[in-house]
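Report on the structure given below.
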Amino acid sequence: MVIVAVMSIQFISRSALELNVVRDRTSLYRENNMGLIENTYTLILMNKSQAALTVNISVNGLSYTGLFGSEELRLAPSELLKHPITLTVDPAAIEETVTPIEFIVQTSNFKQEPTVVKQQSTFIYR
């Protein structure tokens, strides 16, 4: 009886969206032709619901000049999507060799309460 209750609570309270961030480990960072520093990531998004979701991507923790890759995505029901994204930062704005950042993905479907998922990562320079 207790096991059924615990499983029911977990099923009801589970998020409709899952996020994992994988940092590109082949190059720690690169400098582009404008002198800006780039780090590349792969966002792995999973829509665990039976409805299509539209999500918006943002980053906290660093003043970035560009986020290359779609910032708004549409996920089909039960879709697993690998989405590459590159974050570009002015080197003058970077104070540490390794800066903690946070990727935030939020649903924007108007019929439902927004779901927000966050994942910690790092921005590396020098």
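The values are calculated or read from the model by the stated rules, or taken from the named source; none is laboratory data. Keep in mind that what you see is a predicted model, and the values were worked out from it rather than measured. Ideal geometry is used to build each Cβ from the backbone, glycine not excepted, and the neighbour counts take in all protein chains shown. Accessible surface is based on the protein model in full, side chains and every heavy atom, while ligands, DNA and RNA are left aside. Shrake-Rupley method; radii C 1.70, N 1.55, O 1.52, S 1.80 Å.
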Mind checking which pairs have a first residue in the stretch 97-108 that is free of Cβ contacts under 8 Å to residues at least 40 places away in the same chain and a second that is assigned to a strand (DSSP E or B) and of a type in the set (S, T, N, Q), Cβ under 8 Å, 6 or more apart or different chains? V98/T122; T99/T122; P100/Q120; P100/S121; P100/T122
Going by the conditions given, is T86 over 11 Å from the mean Cα position of the chain (by Cα), of a type in the set (V, I, T) and closer than 28 Å to K111 by Cα? no
Filter the stretch 87-114 down to the residues that are hydroxyl-bearing (S, T, Y) and either open to solvent by 20 Å² or more (accessible area, probe 1.4 Å) or in contact with a His (Cβ under 7 Å, 6 or more places away or on another chain) (or both) and list them by number. T97, S108
Just for the stretch 9-43: of the residues that are polar (S, T, N, Q), open to solvent by 50 Å² or more (accessible area, probe 1.4 Å) and modelled with pLDDT under 95, which one is nearest to I104 (Cα to Cα)? S13
With S78, S63 as the choices, which residue is within 13 Å of A16 (Cβ to Cβ), without any contact (Cβ under 8 Å) to a residue 40 or more places away in the chain and of a type in the set (S, T, Y)? S78
Would you confirm whether any residue within the stretch 28-38 is over 19 Å from E113 (Cβ atoms) and small (G, A, S)? yes
